[in-house]
Each structure stands twice: as structure tokens, then as C-alpha cells.
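Novice: Dumping the structure here so I can ask a few things about it.
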Amino acid sequence: MQQLKYVVCMIKDNTIPLEAGIKCGHELDIDSTPIIDCANNIKGSQLLKMYGELTDALSPSVQFIPTIELNNSQNVVPQTFVLKDLFKSVCQIFKNKPKSCID
């Protein structure tokens, strides 16, 4: 769940990704150094290319960024809801909800 919380934090404040990555790491007690190192080296470029190609191949095609797929679908939870509350959206699709998803 920490990874999801990190992504949620990054989506909320991504104007300057490097600063957001460090800030989110501090807030969640996650060492952001390996993430930042990956983003700034050839592996990060390869991942960006691969996911760009996967995004380009999506059907239906992406209408706006970010478009988030859950369970390989853009429509399992409406995108407007996913963008407003990614954590709740992920929780919504669990059949057996973990404790962190129960209000």
C-alpha cells in the first residue's frame, strides 16, 4: 500500500516531479533515492518508452493524461473518480478489502 500512497501523493503535486518525489518520500517515510535514480538513468528512459508504447496501444485510446487503468480497464471505475481519489478507487475494486480500505 505504500507504493500506492506514494503514487497518490505524486499525482496530487506533480508540477516539479523531482521535488514532489522527495516530498512524498519524506511524508511517507520512503527512501525516494532509488526512484529518482531510476528516473534519471537509462532504465527510467526504457521504462518511459515501454509505457509510452503501451499507452499508445490502449483501446479505447487515451483521451487525456493521466488516464489510469485498474484491472486492465479504463472503465472499471470512472476516470473522474479515479483522478479525484485514486486510493478509494483502488479500494473499490477489491472483493476482499484490506483493513486500510475499510472506513
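Since every read-out is calculated from the coordinates, none of them should be taken as a lab result. Fair warning: this is a prediction, and the values are worked out from it, not measured in the lab. Here the Cβ is made from the backbone with ideal geometry for all residues, glycine too, and neighbour counts use every protein chain on show.
Novice: Identify which of SER73, SER59, SER89 has the largest mean-square fluctuation in a Gaussian network model of the chain, with springs joining Cα atoms closer than 10 Å.
Specialist: With Cα springs under 10 Å in the chain, the top fluctuation among SER73, SER59, SER89 is at SER59.
Novice: Dividing the convex hull volume of the alpha carbon atoms of the range 62-103 by its residue count, what do you get in Å³ per residue?
Specialist: That works out to 67 Å³ per residue.
Novice: What is the percent of Cα-Cα separations in the range 1-57 that go past 18 Å?
Specialist: Beyond 18 Å sits 40 percent of the P(r) for the range 1-57.
Novice: Just the ratio, please: alpha-carbon radius of gyration of the range 26-66 over 2.2 N^0.38 Å, N its number of residues.
Specialist: Normalised by 2.2 N^0.38 Å, the Cα Rg of the range 26-66 equals 1.53.
Novice: Evaluate the relative contact order of the chain (contact order divided by residue number), counting alpha-carbon pairs under 8 angstrom at least 6 apart; express in whole percent.
Specialist: 17
Novice: Also, quick follow-up: For the chain, can you list the cysteines whose C-beta has no other cysteine C-beta under 4.7 Å from it?
Specialist: When partners are defined as cysteine Cβ atoms under 4.7 Å apart, the chain leaves CYS38 without one.
Novice: Continuing with this model, one more query. List the extent of the Cα atoms of the range 7-103 along each of their three principal axes, largest first, rounded to whole Å.
Specialist: Principal extents (largest minus smallest coordinate, Cα): 36, 34, 23 Å.
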